[in-house]
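Asker: What follows is a structure written as structure tokens; I'll ask about it next.
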Amino acid sequence: MGTHLAAAVPGAEPLAFGATWVGAVGSIVRAVAGALVEAHAAGIIHRDVKPSNILLRPDGGVQIVDFGLAHLEDMPTLTLSGEFAGTPYYVAPEQVENLSGGIDGRADVFALGVTLYECASLRRPFSGRTAVEVLTAISTREPEPLLRLAPYLPPDLDRLCRGALEKDPNHRYASMAAFGGDLG
């Protein structure tokens, strides 16, 4: 399936993103994690990680774009109380609940975990007919196990997704570097 993904990127080599769908997804998500490690090291939290903000280059390179909702750590947020920044399907529970402890890189880990789950299974882990339903699902429901949706996927991929999609940020991957390291 890697050749189909490359066909979607004009000028890409057939195996630019990997020989299999899972290999391509893993390679792309790992590259995004690496870019976010750099952003987090500079104190920047993206806050809107999602598939449409990931660009694929013909050489197999990956770029993360749209830092319009990015937040500098240790700086006050510009959103009003009770609001969150981000796209509903990809926000972390702490963004939904506007927790007083603030948002850190683990919110980006959650969003990249949603992206990995979606790209691997072709289904979002949290759904609803309205934004409120989606946000409620993120806060209160566990996603369907990835291996139930796609039993052909490697069990390690399910474990990675579960670790990234933990509701409590203290139980989630502690950093993008840790998540990216396991993706390797």
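Asker: Between ALA41 and ALA131, 0.36 nm times their residue separation minus their Cα-Cα distance comes to what?
Answerer: 29.3 nm
Asker: Which of the listed residues, GLY184, PRO155, THR136, is farthest toward the dipole's positive end in segment 104-184, when Lys, Arg count +1 and Asp, Glu count -1 at the beta-carbon?
Answerer: Farthest along the dipole direction, towards plus: THR136.
Asker: Also, I was wondering about something else. Which order do HIS40, HIS46 take by accessible area at a 1.4 Å probe, largest first?
Answerer: HIS40, HIS46
Asker: Still on this structure, please answer the following. Could you list the residues of segment 100-136 with an amide nitrogen less than 13 Å from a label point located 7 Å from the Cα of ALA174 in the Cα-to-C-beta direction?
Answerer: Under 13 Å, as judged by backbone N against the label point of ALA174, lies no residue of segment 100-136.
Asker: Put TYR173, TYR89 in order of accessible area, largest first, 1.4 Å probe: what do you get?
Answerer: Result, largest first: TYR89, TYR173.
Asker: Please work out the C-alpha center-to-center distance from segment 143-179 to segment 87-119 and express it in whole Å.
Answerer: So the two Cα centres are separated by 13 Å.
Asker: Continuing with this model, one more query. Rank these by accessible area, largest first, 1.4 Å probe: GLU38, GLU118, GLU166, GLU94.
Answerer: From most exposed to least exposed: GLU38, GLU166, GLU118, GLU94.
Asker: Accessible surface of THR130 in the full protein assembly, 1.4 angstrom probe, to the nearest 10 Å²?
Answerer: Roughly 70 Å² of THR130 is accessible to a 1.4 Å probe.
The values are calculated or read from the model by the stated rules, or taken from the named source; none is laboratory data. Predicted model only: the values in this text are computed from it and were never measured. All Cβ positions, even for glycine, are placed from backbone atoms using ideal geometry, and neighbour counts span all protein chains on display. Ligands, DNA and RNA are stripped out before the accessible areas are found, and what is left, the full protein with its side chains, is counted by its heavy atoms. Shrake-Rupley method; radii C 1.70, N 1.55, O 1.52, S 1.80 Å.
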